[in-house]
1. On the given criteria, is V62 touching a strand residue (DSSP E or B) at 6+ places or on another chain (Cβ under 7 Å) and either surrounded by 15 or more Cβ atoms within 10 Å (Cβ to Cβ) or at pLDDT 90 or above (or both)?
2. Can you go through R107, R103 and tell me which one is loosely packed, with under 12 Cβ neighbours inside 10 Å, over 15 Å from K8 (Cβ atoms) and of a type in the set (K, R)?
Amino acid sequence: MANTFWIKLYLEILDDPKMGALSDRLYRRAIEMFLLAGELENNGYLLPEKNIAWRLRIPFDVLHEDVTLLMENQILEIDDKGLRVKNFEKWQGCIPIKDRMKRYHDRKQKQVYYGGDNKVETGRFTYKNRLNKNIVEKNRKEEIPAGELEAVKVRMRQHLEEAKKNGIQPKPIRGIEQ
C-alpha cells in the first residue's frame with residue numbers, strides 16, 4: 001500500500017445530488033470507496049471486489065450489490081482496467097499554487113479584519129472589503145465628534161498591529177496613520 005494517509009473530501013459533497021440520492025449505507029460505502037482509491041494512488045482504480053469485501057469486512061454479495069448501486073448512481077464506473085471512482089483524479093489533483101495562496105490570503109485577511117464576516121459596523125463607520133481594498137465610509141447624516149473619530153482610529157491601529165503580528169501586510173487606510 002502507498003504512504004497516503006488522507007484524501008480531499010470537498011464540502012460540495014453535501015449539495016451533490018448524486019450523493020444526496022444515496023441511502024446512509026451507500027453514502028458510507030461511497031466514502032469508503034473514495035478512501036480505498038486514495039490509498040491505492042492509482043487514478044481512482046480499486047482492487048477487485050473480493051479484496052474490497054475482505055478489507056471492509058463485509059460479505060461479498062453485500063458489497064457487490066452496493067457497487068452495482070453506486071455504478072447506477074454514477075459514483076463508480078468500470079472500464080477495461082477495472083472498477084474505479086468516477087472523476088477521482090480530477091477531485092484529488094493539485095490546486096495550482098497561485099489559487100491556493102489566494103484562498104489562504106483571503107481567508108487570513110477576513111479573519112483579522114472582520115472576524116470571519118465580510119462586513120463589520122463600528123459606531124458610525126462601516127468597513128467593507130471590496131476587491132481586497134479596505135474602504136472606510138462615513139455616515140453622512142451627522143458630523144462625528146472628534147473624540148469618537150479618534151477612538152475609531154485607535155481601534156483601527158490595533159487591528160493593523162494584530163494583522164502584522166499574524167503575518168498579513170495590510171493595505172493603508174486613508175486617515176489612519178500606521
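1. On the way: touching a strand residue (DSSP E or B) at 6+ places or on another chain (Cβ under 7 Å): no; either surrounded by 15 or more Cβ atoms within 10 Å (Cβ to Cβ) or at pLDDT 90 or above (or both): yes.
Taking the combined requirement at face value, the residue does not satisfy it.
2. On the way: R103 fails: over 15 Å from K8 (Cβ atoms).
So the residue among R107, R103 that is loosely packed, with under 12 Cβ neighbours inside 10 Å, over 15 Å from K8 (Cβ atoms) and of a type in the set (K, R) is R107.
The values are calculated or read from the model by the stated rules, or taken from the named source; none is laboratory data. None of these values were measured; they are calculated from a predicted model. With ideal geometry, Cβ positions are generated from the backbone for all residues, glycine too; neighbour counts draw on all protein chains shown.
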